[in-house]
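Chemist: Sharing a structure below in structure tokens format, with a few things to ask.
The values are calculated or read from the model by the stated rules, or taken from the named source; none is laboratory data. Because the structure is predicted, anything quoted here is derived from the model rather than measured. Here the Cβ is made from the backbone with ideal geometry for all residues, glycine too, and neighbour counts use every protein chain on show. Accessible surface is based on the protein model in full, side chains and every heavy atom, while ligands, DNA and RNA are left aside. Shrake-Rupley method; radii C 1.70, N 1.55, O 1.52, S 1.80 Å.
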Amino acid sequence: MTKISLIAGLALAAFTLPALADAVEDGANDFKKCKACHSIIDNDGKAIVKGGKTGPNLYGVVGRQVGTAADFKYSEFLIAVGADGTVWDEAMITAYIADPTVWLKDKTGNDAAKSAMAFKLKDGANVAAYLATMKPAQ
């Protein structure tokens, strides 16, 4: 690595890290809208965010196979999306929460697909960034 590319990389990190921290903080605030239906409970059973049980626990959702959270009964449509091993990432979560039914129709190719999640969040990128931090330490 050259000195120039190292300096450029460090400069990029200096600008990116604060923006990411802001997104995560904003996402934590935006998640307050989600906790009516969703909790974030870590693997030890500690509630990070106490919330409803209508939706699945979102701890570790980023990187988890779609439709596979333990102790939650998913719709046939979400199970179908994850049947090939598809895992949630931030971009997918952002698209899903913008309009869950439209996302399911697109992913399954089935115009009859419906989501039980009626809530929509037009810009969910910050929530997705926040959820990406809700996982076991590496």
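Chemist: Go through segment 78-84 residue by residue and turn each phi into a ³J(HN,Hα) via Karplus (6.51, -1.76, 1.60, θ = phi - 60°); whole Hz please, and just put x for glycine and proline.
Modeler: Each residue of segment 78-84 in turn: 5, 4, 4, 4, x, 4, 8 Hz.
Chemist: Further, regarding this structure: Any idea what the dipole of segment 23-79 comes to, in debye rounded to 20, about its Cα centre with Lys/Arg Cβ at +1 and Asp/Glu Cβ at -1?
Modeler: Computed charge dipole of segment 23-79: roughly 200 debye.
Chemist: Here is a further query. Net charge near Glu76: determine it from the other residues with C-beta under 14 Å of the C-beta of Glu76, scoring Lys and Arg +1 and Asp and Glu -1.
Modeler: Net charge around Glu76: +4.
Chemist: Out of residues 5 or more away from Ile48 or on other chains, whose amide H comes under 5 Å of its own, with H placed 1.01 Å from N in the peptide plane?
Modeler: It is Ile40, Ile41, Asp42, by chain and number.
Chemist: Go through Ile93, Ile41, Ile79 and list them by solvent-accessible area, largest first, probe radius 1.4 Å.
Modeler: Reading off the accessible areas and sorting them downward yields Ile79, Ile41, Ile93.
Chemist: Excluding residues on the same chain fewer than 8 positions from Lys73, give the lysines whose Cα lies under 28 Å from its Cα.
Modeler: Lys73 reaches Lys32, Lys33, Lys35, Lys46, Lys50, Lys53, Lys105, Lys107, Lys114, Lys120, Lys122, Lys135.
Chemist: Further, regarding this structure: Which one, Cys37, Ala83, Ala69, is farthest towards the positive end of the dipole of segment 34-89 when Lys and Arg carry +1 and Asp and Glu -1 on their Cβ?
Modeler: Ranked along the dipole, the leading option is Cys37.
Chemist: Related question: When the label point is put 7 Å from the Cα of Asn110 along its Cα-to-beta-carbon vector, which residues of segment 51-79 have a backbone N closer than 18 Å?
Modeler: Hits in segment 51-79 for Asn110 at 18 Å: 66-69, 73-79.
Chemist: Relative to the present Cα-Cα distance, how much length would full extension add between Asp99 and Ala47 at 0.36 nm per residue of separation?
Modeler: Computed gain between Asp99 and Ala47 is 16.0 nm.
Chemist: Label Ala70 and Glu25 with points 7 Å out from Cα along Cα→Cβ: what is the distance between them in nm?
Modeler: Using points 7 Å along Cα→Cβ, the separation is 3.4 nm.
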